[in-house]
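What follows is a single structure, written as structure tokens, with notes after it.
Read-outs throughout are calculated quantities, based only on the coordinates presented, and are distinct from any laboratory measurement. Remember, it's a predicted structure, so these values are computed and weren't measured experimentally. Positions of Cβ are backbone-derived with ideal geometry, glycine not excepted, and every protein chain shown enters the neighbour counts.
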């Protein structure tokens, strides 16, 4: 996909969603204000994460060369690459879609697709949220689910990579 | 060094600006779905078949999006209403790992093949993870 096409797609998508809002405003006007309020609440919540991702991207642009990326997260990164993807996935914060631009940069820089998939899967394991999960579902359940998910992330990463790299 | 810093910051700003309409669209869509679909509708969808329920859980978790805390709250409510732990587990796992709403953003930024493969496998894995987790719980 060309760069201009990529940015146009985004604007078309946003325009489509705005049209959807206009339709909802006509059919069910009572839903409009609560939706916009919900939207504003999310925006306020994600601003700090957005700033963090901006800083991270700038730092990566400044210090991390493509060569280094390929060395640590490329085809030959091995076990260390998987461990790094799992750990960074767990410690990363904020909604999943906020990380797409950074991952797009890393993907272009030669990072393995399997590691990107594993990173995204491990975003489901959130340390601050584990306490809450324990409250709702118990300690044993939380520990087992967390371990099973980390293992699943590796299998999923490998499968995604196989599919993406298979010749059409 | 200063020049390099300016270039690095500009590059990051450009990348984020490019993804801005997609991010805004996804957040607007999530907000609309959260308001339009009442939460108590979901529990009525479950049967008492372990495979079918975990699949329904994974489907619901895939469609819905938002903070994981919300999925725990809804999952907790499901359990109270008698929905099985396997179904609830598939639901909370798919909630974070599969994103139908953010799929356009993922396709645009990470590639169609990657995004579709990742979401489909994450959907299947939500069911597998749920079955394995609950099976281990039963054995222990």
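Would you work out the Kirkwood radius for region B:53-105? I mean one over the mean of 1/r across all pairs of different Cα atoms, in Å. Could the numbers behind the result be given before it?
Numbers: mean 1/r = 0.0939 Å⁻¹.
That comes to 10.7 Å for region B:53-105.
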Quiz prompt | Cα-projected label distance for residue A:32 with residue A:44, points at 7 Å along beta-carbon direction, nm | solution = 2.2 nm
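So what is the relative contact order for chain B, in percent, with contacts set as C-alpha pairs under 8 Å and at least six apart? Walk me through the numbers before you get to the answer.
Working: 153 pairs, mean separation 35.5, N = 140.
Relative CO of chain B lands at 25 percent.
Exposure proxy check: B:107, B:69 ranked by fewest other beta carbons within 10 Å?
On the way: B:107 20, B:69 14.
Starting with the residue having the fewest Cβ neighbours, the order is B:69, B:107.
First check a/c for the protein assembly as shown, with a ≥ b ≥ c the square roots of the eigenvalues of its C-alpha gyration tensor; if it is under 1.5, answer rounded, and if not, answer prolate when a/b is larger than b/c or oblate otherwise. Intermediate results must be reported in sequence, preceding the final value.
Working: a/c = 1.83, a/b = 1.20, b/c = 1.53.
It is oblate, given that a/c is not under 1.5 and a/b is not larger than b/c.
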Practice problem: Rank A:18, A:134, A:86 by mean-square fluctuation in a GNM of chain A with C-alpha springs under 10 angstrom and give only the top-ranked residue. | Solution: A:18
Quiz item: Between residue A:75 and residue A:22, what is the spin-label point distance in nm, taking each point 7 Å from the Cα along the Cα→C-beta axis?
Solution: 4.9 nm
Exercise. Please work out the C-alpha center-to-center distance from region B:67-117 to region A:58-132 and express it in whole Å.
Key: 20 Å
Quiz item: Label-point separation (nm) for residue B:73 and residue A:139, each offset 7 Å from Cα along Cα-to-Cβ?
Solution: 2.7 nm
Quiz item: In whole percent, what relative contact order does chain A give with Cα contacts below 8 Å and a gap of six or more residues?
Solution: 20 percent
Quiz item: So how tilted is helix A:3-27 from the main axis of chain A? Cα-based, degrees 0 to 90, rounded to 10.
Solution: 40 degrees
Exercise. Calculate, in whole percent, how much of the Cα-Cα pair population of region B:3-139 lies beyond 21 Å.
Key: 48 percent
Quiz prompt | R0 of 22 Å, Cβ-Cβ distance residue B:40-residue B:139: FRET efficiency to nearest 0.05 | solution = 0.05
Quiz item: What is the mean number of Cβ atoms from other protein chains located within 10 Å of the Cβ atom of each residue in peptide B:87-96, rounded to a whole number?
Solution: 3
Quiz prompt | C-alpha long axis of helix B:68-80 to longest principal axis of chain B, angle in ° | solution = 10 degrees
Exercise. Answer rounded, prolate or oblate for region A:23-158, using the Cα gyration tensor with square roots of eigenvalues a ≥ b ≥ c: rounded when a/c is under 1.5, else prolate when a/b is larger than b/c, else oblate.
Key: oblate
Quiz item: Could you give the angle, 0 to 90 degrees to the nearest 10, between helix A:78-91's Cα long axis and the longest principal axis of the Cα atoms of chain A?
Solution: 30 degrees
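Once fully extended, how much extra length lies between residue B:81 and residue B:120, figured as 0.36 nm per residue of separation less the alpha-carbon to alpha-carbon distance?
On the way: separation 39, 0.36 × 39 = 14.04 nm, distance 2.85 nm.
So the extension gain works out to 11.2 nm.
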Exercise. Just the ratio, please: alpha-carbon radius of gyration of region A:9-62 over 2.2 N^0.38 Å, N its number of residues.
Key: 1.58
